[in-house]
Every structure is written in structure tokens, then in C-alpha cells.
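Novice: Just dropping this structure here.
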Amino acid sequence: KAGVTQTPRYLIKTRGQQVTLSCSPISGHRSVSWYQQTPGQGLQFLFEYFSETQRNKGNFPGRFSGRQFSNSRSEMNVSTLELGDSALYLCASSSQGAMDGYTFGSGTRLTVV
Amino acid sequence: GDSVTQMEGPVTLSEEACLTINCTYTATGYPSLFWYVQYPGEGLQLLLKATKADDKGSNKGFEATYRKETTSFHLEKGSVQVSDSAVYFCALSDHYGGATNKLIFGTGTLLAVQP
């Protein structure tokens with residue numbers, strides 16, 4: 001059974017640019033969540049999608065957005081990148097939501113220069 | 001709001017020593033509790049979970065009991081191995097309004113096991 005796949009694994013972007021990260025959940029999983037991990041702030045929730053609907057959103061500025069497609073694949077977008085957006089972005093999937101326990105991908109390491 | 005507090009690391013142990021990583025939580029509702037583990041360069045893996053008071057989660061020799069009276073979910077293992085070296089995160093997911101379908105994590109505890 002394939003795990004959660006995130007692409008790309010590494011990204012280097014310039015301040016002011018935008019970036020799109022992709023996540024393919026485990027087959028059959030309809031809940032997809034995104035988390036940002038940094039040494040200073042730890043793991044912080046970005047948003048959660050279920051069957052193409054955003055069910056919950058964390059306290060991030062509007063530059064951070066996401067969406068989920070009918071095949072449950074998800075993308076997140078960050079516009080007008082700032083140096084502080086440098087982080088490991090983790091995608092996680094589950095059958096119904098957080099209560100099931102998530103399976104995480106290996107993450108996308110974003111560096112903003 | 002909901003929060004998770006876990007003991008500061010790093011925790012350094014010799015192989016076969018006993019492990020306890022403390023975790024306490026604050027929650028408005030009746031949360032589910034989790035331990036996740038992160039190995040270097042990887043994402044998080046679910047280690048164990050408990051969904052109600054007095055439940056015991058267990059996996060790979062690790063155990064944790066949901067203690068509502070002390071709002072705790074301490075992680076224990078009787079005999080650690082070098083391969084257990086990783087960062088361990090305690091987390092909760094609550095059942096009310098804006099807290100549903102998200103995980104709130106503790107800061108993580110680095111465990112280093114020496115041979």
C-alpha cells in the first residue's frame with residue numbers, strides 16, 4: 001500500500017515568489033491535512049480538507065491557501081514568499097480525520113532566500 | 001485553548017534502560033490523544049493512540065495510558081534500543097467546534113539511545 005506522497009522533496013525559492021506543494025494521500029483516504037514544522041514554532045496546523053471541502057483552518061495569513069481535488073489529492077500554495085516561510089511542510093491523510101490518527105508524508109523542505 | 005506540554009529534551013539513555021516521556025494536556029472537550037515519532041529526515045509516524053479515559057495505547061513495546069484525572073498521557077517503554085532514537089511528539093485532537101480535525105502538538109522530545 002503506497003504511503004502519502006509529497007512532491008517536490010526540496011524547493012528553493014526567492015522572497016516574493018509563490019510556490020505550490022503537492023500531496024497524494026493514501027488510496028481511500030478522504031481527509032488531508034497540512035502542517036508547517038519549524039525549529040522555533042514546532043508543528044503548526046495549516047488546514048484540513050475532506051471530500052474537497054475545507055473543514056478547518058489554522059492561524060496563518062491569507063497568503064497560505066490550499067485545495068483538494070475529487071481524487072483526494074491536495075495542493076497548498078504560498079504566495080509572496082517571506083524568509084519566515086522556510087520550513088518543512090508536512091501533509092497527512094486519514095480515512096475520516098484527526099481522530100483516526102494520521103499517516104504523514106516525508107514532507108517538502110522549502111527554503112526561501 | 002487546547003494545549004500540550006511535554007518534557008524538555010534531549011533524553012539520553014543507555015540501551016535497555018527504561019523510558020518515560022511526560023506529557024500533559026489542557027482541553028476544552030474530550031480529546032483523543034496520540035504519540036507520534038519522527039526519525040531523522042522523515043515525516044511523522046503514528047506510534048499509538050487512546051480515545052477515552054483509562055484507555056491504554058500500545059505499539060512496538062511503547063505504552064501510554066489516558067489519565068483524565070491528571071490530564072496526562074506519558075509514554076513508557078521498559079527497554080529502549082538504539083533504533084528508538086528519534087523525536088517523540090505528544091498530540092491531541094479535540095471534539096468541539098474549531099478544534100476538530102486538527103492535531104495540536106507538543107514541542108517534541110529528542111531521545112538519544114547509546115549502545
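The values are calculated or read from the model by the stated rules, or taken from the named source; none is laboratory data. These numbers were taken from a predicted model, which means no experiment stands behind them. Remember, those area values only see protein heavy atoms, side chains included, never the ligands or the DNA or RNA. Shrake-Rupley method; radii C 1.70, N 1.55, O 1.52, S 1.80 Å.
Novice: Beyond a 19 Å Cα-Cα separation, which of these cross-linked pairs lie in this structure: A:Lys57/B:Lys56; B:Lys56/B:Lys77; A:Lys57/B:Lys52; B:Lys52/B:Lys102?
Specialist: Pairs exceeding the cut-off: A:Lys57/B:Lys56; A:Lys57/B:Lys52.
Novice: How long are the semi-axes of the ellipsoid equivalent to segment B:4-78, from square roots of 5 times the Cα gyration tensor eigenvalues, in whole Å, largest first?
Specialist: Its equivalent ellipsoid spans semi-axes of 21, 14, 13 Å.
Novice: Could you state how much accessible area is buried at the A-B interface, both sides summed, with a 1.4 Å probe, in Å² to the nearest 100?
Specialist: Interface between A and B: roughly 1600 Å².
Novice: Another question, if that's okay. At 1.4 Å probe size, with the rest of the protein present, what percent of the exposed accessible area of segment B:1-86 is carbon and sulfur atoms?
Specialist: Result for segment B:1-86: 47 percent of the exposed heavy-atom area is carbon or sulfur.
Novice: Not counting ligands, DNA or RNA, and with a 1.4 Å probe, what is A:Val112's accessible surface area in Å² rounded to the nearest 10?
Specialist: Approximately 10 Å² for this residue.
Novice: Work out how much length B:Glu76 to B:Asp54 would gain on full extension: take 0.36 nm times their residue separation and subtract the Cα-Cα distance, in nm to one decimal.
Specialist: 6.4 nm
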